[in-house]
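Worksheet: one structure, shown below.
The values are calculated or read from the model by the stated rules, or taken from the named source; none is laboratory data. It should be emphasised that the depicted structure is a prediction, and the values quoted were computed from it without experimental measurement. Neighbour counts are summed over all protein chains in view; Cβ atoms, including those assigned to glycine, are modelled from backbone coordinates with ideal geometry. Just so you know, the surface numbers come from the protein's heavy atoms only, side chains and all, with ligands and any DNA or RNA stripped out. Shrake-Rupley method; radii C 1.70, N 1.55, O 1.52, S 1.80 Å.
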Amino acid sequence: MFLSKLELLGFKSFATKTELTFNGGITSVVGPNGCGKTNVLDSIRWVLGEQRTSMLRSDSMENVIFNGSKQRKPLGMAEVTITIKNDKGLLPVDYSEVSITRRVFRSGEGEYFINRNQCRLKDIQDMLMDSGMAATASGGGYREVASDGGMFTFGSAQFEGSMGGRPLDQPIVGMGAT
C-alpha cells in the first residue's frame with residue numbers, strides 16, 4: 001500500500017488544479033520558503049480527516065480555501081483527493097486503488113468521498129482505522145503506512161540545528177518504495 005497521487009484544487013496556495021504523482025522509490029518535496037511545501041503536508045492531513053484547524057495552520061476551515069491574489073479571484077471551494085494503491089488489500093475494500101476526496105465550501109459545508117461515492121467522515125476513518133493513516137487521537141501529527149519494508153511518513157519533526165542548539169522545526173514529506 002502506498003500513496004500514488006495527490007490532487008489539489010483551491011487548497012491554500014494551490015489555486016489551479018495541481019496533481020502530484022508518486023512512483024516507486026523515494027519522493028521528497030523541496031523548495032524555497034513560501035513555495036507551498038507545508039501546504040502539501042496540510043492537504044494530506046486534511047483529506048485524511050483532520051478536524052483541528054491548528055494542525056492545518058489555520059484559524060478556521062474556510063481559511064484552507066484559496067483566498068485570492070492580485071492576479072486571481074478567491075475560490076469558493078477547496079478539494080483534495082489522495083489516491084492510495086491497495087494492491088495488497090490492506091484497506092478493507094475490494095479495490096486495488098482507493099481515492100479519498102474532501103471538499104469544503106465557503107458556506108462551511110463539507111463533503112467526503114471514497115472512490116467518487118459520497119460518504120461520511122466516519123466511513124473514511126473506519127476504513128483507515130487499522131492502516132496507520134487515520135488521524136490520531138493524541139494529536140501527535142504523525143501517520144505512517146508500512147508494508148513490506150516500504151514506508152510513507154509525514155508530519156513534523158524537530159532537528160537539532162546549528163542555531164545555538166535550539167530545535168529547528170521542519171515539515172517532513174517522504175515516501176519509500178513498497
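Extension gain for the segment T18 to V93, taken as residue separation times 0.36 nm less the Cα-Cα distance, is 24.3 nm to one decimal. Packing around the peptides 24-33, 48-57, taken as the average count of other Cβ atoms within 10 Å per residue, puts them in this order, highest first: 48-57, 24-33. Just so you know, the Cα atoms of region 22-138 work out to an Rg and Dmax of 15.3, 47 Å. Take a quick pass over region 1-99 and tell me how many lysine pairs come in under 28 angstrom between Cα atoms, counting only ones 8 or more apart or on separate chains. Taking the Cα cut-off of 28 Å, the pair count is 16. Label zone of E109 (point 7 Å out along Cα→Cβ, amide N under 18 Å): in region 71-101 this covers 75-80, 101. Shape index of region 16-91: Rg/Rh, with Rg the Cα radius of gyration and Rh the Kirkwood radius from the inverse mean 1/r over Cα pairs, equals 0.99. Tell me which trypsin sites (Lys or Arg not before Pro) from region 58-110 have a DSSP coil assignment and no more than 16 other beta carbons within 10 Å of their own. For trypsin sites (Lys or Arg not before Pro) across region 58-110 that sit outside H, G, I, E and B with at most 16 neighbouring Cβ atoms in 10 Å, the list reads K70, R72, K88, R106. Annotation for D130 and N63: the two label points, set 7 Å from Cα along the Cα-Cβ direction, are 3.8 nm apart. For region 28-112, the fraction of 1.4 Å probe accessible surface lying on carbon and sulfur atoms is 46 percent. The residues of region 9-122 expose on average 57 square angstrom of accessible surface per residue, using a 1.4 Å probe on protein heavy atoms. Near N67, once Lys and Arg are set to +1 and Asp and Glu to -1 for all other residues with Cβ below 11 Å from its Cβ, the sum equals +3.
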